[in-house]
Amino acid sequence: MKKLLVTEALVGLGVLIAGNGAWGKSSGTSAQKLADRYRIDNIEKTWHKAASLKNVDLMMSLWAPKATFTIAGQTYRGKRAIRRVFTNAGPFQTQNHWESDTPSYKIKTTVNGDKGTLYFECHYIDIKTGKVANVVGVDHNVQKINGKWLITSSAGATPTLGG
């Protein structure tokens, strides 16, 4: 009985491995591309962690040195200017006790070599009331620079109610 279970487990594992190899080839998705998508997705996670903790240094770790950020019709160039935006932004204000979140179905990531895109929405929830305090969307262009995925340009986007 034990031998049969081990055999079935090995056959199942073989099917999974074979299926994964076929899936990767048929969809054009390589292990590297999947790894890059995962790392780009981590930008969103770090963004929301930084906002929830009011950690501007952590937020700035996501940006390339010569990045641009366009919001409310104004473009900020370079990390110093972008830092000022976040220092004064609602989520980073001491009087606001917000938790930052993104519905996973509202995250969209693309990868093309060492460049990609990332869209997500920020739903800022007031911890005391449990109500949504603010909702914003951002479109990012990202690039792998010295082995790390960073935001090279970003623009505020209009959040959508649908998926």
*Quantify, in whole percent, the carbon and sulfur part of the accessible surface of region 44-163 (1.4 Å probe; protein heavy atoms only).*
52 percent
*How much net charge surrounds residue 79 when only the other residues with a Cβ under 12 Å from the Cβ of residue 79 are counted, with Lys and Arg +1 and Asp and Glu -1?*
+4
*Residue-normalised accessible area of region 35-142, expressed per residue, 1.4 Å probe, Å²*: 55 Å²
_Estimated inter-spin distance, residue 160 and residue 110, nm [label 7 Å along Cα→Cβ]_ = 1.4 nm
*For residue 34 paired with residue 99, estimate the spin-label separation in nm (one decimal), with each label point 7 Å from Cα along the Cα-to-Cβ line.*
3.1 nm
*Which ³J(HN,Hα) values, rounded to whole Hz and listed in residue order, are derived for region 89-96 from phi using the Karplus coefficients 6.51, -1.76 and 1.60 in 6.51 cos²θ - 1.76 cosθ + 1.60 with θ = phi - 60°, glycine and proline given as x?*
6, x, x, 9, 7, 4, 6, 8
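The values are calculated or read from the model by the stated rules, or taken from the named source; none is laboratory data. If you're wondering where the values come from, they're calculated on a predicted model, not measured in any experiment. Virtual Cβ from ideal backbone geometry, glycine too; neighbours counted across all protein chains shown. Just the protein is used for accessible areas: all its heavy atoms, side chains included, with ligands, DNA and RNA removed. Shrake-Rupley method; radii C 1.70, N 1.55, O 1.52, S 1.80 Å.
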